[in-house]
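I have placed the structure first, in the form of structure tokens, so that the comments after it can refer back to it.
Read-outs throughout are calculated quantities, based only on the coordinates presented, and are distinct from any laboratory measurement. Here the structure is a predicted model, which is why all the values come from computation and not from measurement. All Cβ positions, even for glycine, are placed from backbone atoms using ideal geometry, and neighbour counts span all protein chains on display.
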Amino acid sequence: MTCAPVLEVRDLGKAFTDRGTQSERWIIRGLSFTLREGEFVTLVGPSGSGKSTLLNLLAQIDTPSAGDIRLHGEVISSPSQQGLNAGSQGRIGYIMQDDNLLPWRTLRANVEYPLEIQGRLDAPFRKRVDELIAAVGLSGFENHYPHELSGGMRKRASIIRTLAYDPPVILMDEPFSALDAESRLHIQNDLVRLWELGRKTILFVTHDITEAIALGDRTLTLTKSPASIRGEHLIDIPRPRSVDSLVTEPHYPGIFGRIRAEV
């Protein structure tokens with residue numbers, strides 16, 4: 001892993017106008033952090049602290065009220081910029097809580113959809129789709145529709161749909177929260193395996209501290225709203241890791257306790 005900054009957030013702020021009082025309410029204020037190339041960073045914060053608002057700003061589906069966001073040193077979002085450029089021309093992927101699969105398209109057609117939109121669905125990318133489908137155990141289900149798949153299978157499809165078009169940065173907003181414990185564990189392991197193969201830069205939002213520790217190279221914690229970065233924790237537990245084996249790791253209780261004290 002190199003130390004090259006990929007995504008930089010500088011003194012970011014987001015304010016909304018209260019409809020009743022017409023006063024300004026800051027959801028995020030003075031928030032700064034950096035993601036380095038190939039890092040898997042997890043983000044934990046109190047309920048209502050602005051985690052999803054932050055991801056919407058990073059994905060450029062909302063505009064900041066202060067500060068800026070930089071991708072490979074280029075300012076991609078600031079209050080002075082006009083208009084939105086969702087996903088920064090395919091350079092930032094966003095995996096939300098819902099799988100958002102199109103019900104009239106098969107699993108394969110859903111995974112290929114972003115490539116179709118971008119005009120990139122050529123032979124090499126079709127091969128990449130095949131490889132990703134196989135990597136998450138969905139071979140044989142390519143022609144099934146979303147209603148014919150389990151929740152875990154749909155979530156796997158939504159993950160590889162983003163990986164298929166190869167964005168250098170991927171944002172994930174509590175993507176496993178609706179899954180049962182067994183499915184969640186399997187997909188966590190799938191995600192780490194896919195990340196290790198491609199070494200994308202990932203920012204993963206979760207309310208689950210154990211999940212944050214199991215997945216991340218670092219964990220960032222947020223203050224209550226208006227959110228800023230409260231703490232940064234290096235996860236110095238050797239990989240591979242899994243949620244069910246973390247409790248046996250000698251460093252786990254200390255890391256968990258420090259993060260828990262901040263959220």
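If contacts are Cα pairs under 8 angstrom and at least 6 residues apart, what is the relative contact order of the chain in percent? Write down the numbers at each step before the final one.
Values: 499 pairs, mean separation 66.7, N = 263.
Dividing the mean separation by the residue count of the chain yields 25 percent.
Residues of the range 18-34 with backbone nitrogen within less than 11 Å of a virtual label 7 Å along the Cα-to-Cβ line of residue 80, please, listed as ranges.
Hits in the range 18-34 for residue 80 at 11 Å: none.
Given a 10 angstrom Cα cut-off, can you work out which residue in 175, 253, 226 is the most mobile in a GNM of the chain?
The residue that fluctuates most here is 253.
Can you list the residues, at least 5 places off or on another chain, whose amide H is less than 5 Å from the amide H of residue 230, using H built in the peptide plane?
221, 222, 223
Using a Gaussian network model on the chain with a 10 Å cutoff between Cα atoms, which of 178, 15, 123 fluctuates the most?
Ranking 178, 15, 123 by mean-square fluctuation puts 123 first.
How high is the relative contact order of the range 1-76, in percent, with contacts defined as C-alpha pairs under 8 Å that are six or more residues apart?
Values: 126 pairs, mean separation 32.3, N = 76.
That works out to 43 percent.
Residue 51: which lysines have alpha carbons under 27 Å from its alpha carbon, excluding same-chain residues fewer than 8 sequence positions away?
Hits, sequence-local ones excluded: 14, 155, 200, 224.
Charges on Cβ only, +1 for Lys and Arg, -1 for Asp and Glu, centred on the Cα centroid of the chain; of 48, 237, 176, which one is farthest towards the dipole's positive end?
48
Indicate, rounded to the nearest 5 percent, the antiparallel portion of the DSSP beta bridges found entirely in the range 120-234. Walk me through the intermediate numbers first.
Details: 5 of 10 bridges.
Here the share of antiparallel DSSP bridges comes out near 50 percent.
Given charges of +1 on the Cβ of Lys and Arg and -1 on the Cβ of Asp and Glu, with all other atoms neutral, how large is the dipole of the chain about its Cα centre, in debye to the nearest 20? It would help to have the intermediate numbers written out before the result.
Values: 30 positive and 33 negative charges, 58 e Å.
So the dipole magnitude of the chain works out to roughly 280 debye.
Beta carbons within 10 angstrom, averaged per residue: use that to sort the peptides 106-115, 146-155, 214-223, 20-29, highest first.
Descending packing order for the listed peptides: 214-223, 106-115, 146-155, 20-29.
List the aspartates and glutamates whose alpha-carbon lies under 20 Å from that of residue 127, not counting same-chain residues fewer than 8 positions away?
112, 116, 142, 166, 190, 196
Mind putting together the pair-distance distribution for the range 3-60? All Cα pairs, 5 Å bins, whole percent per bin, short to long.
Calculated P(r), rounded to whole percents: 4, 15, 23, 25, 16, 9, 4, 3, 2, 0.
Just to check I understand the Karplus step: with θ = phi - 60° and J = 6.51 cos²θ - 1.76 cosθ + 1.60, what whole-Hz values come out for the range 185-192, glycine and proline as x?
4, 5, 6, 4, 5, 4, 4, 5
Need one number: nm distance between label points at residue 196 and residue 236, each 7 Å from Cα along Cα→Cβ, rounded to one decimal.
Simple spin-label model gives 2.2 nm for this pair.
Of 227, 22, 132, which is farthest along the charge dipole of the chain in the positive direction, counting Lys and Arg as +1 and Asp and Glu as -1 at C-beta?
22
Toward the positive end of the charge dipole of the range 42-161, about the Cα centre and with charges on Cβ (Lys, Arg +1; Asp, Glu -1), which of 81, 106, 150 goes farthest?
150
Build a GNM of the chain with springs between Cα atoms under 10 Å: which of 61, 76, 117 gets the top mean-square fluctuation?
Looking only at 61, 76, 117, the largest GNM fluctuation is found for 117.
Under the rule of at least 5 residues apart or a separate chain, name every residue whose amide H is placed under 5 Å from the amide H of residue 15.
27, 65
Using Cα centres only, tell me the gap between the range 1-58 and the range 192-263 in whole Å.
17 Å
Give me the distance in nm between label points sitting 7 Å out from Cα along the Cα-to-Cβ direction at residue 247 and residue 148, one decimal.
Using points 7 Å along Cα→Cβ, the separation is 4.0 nm.
Consider the candidate values (1) 1.02; (2) 1.22; (3) 1.16; state which one is Cα Rg over 2.2 N^0.38 Å computed from the structure displayed.
(1)
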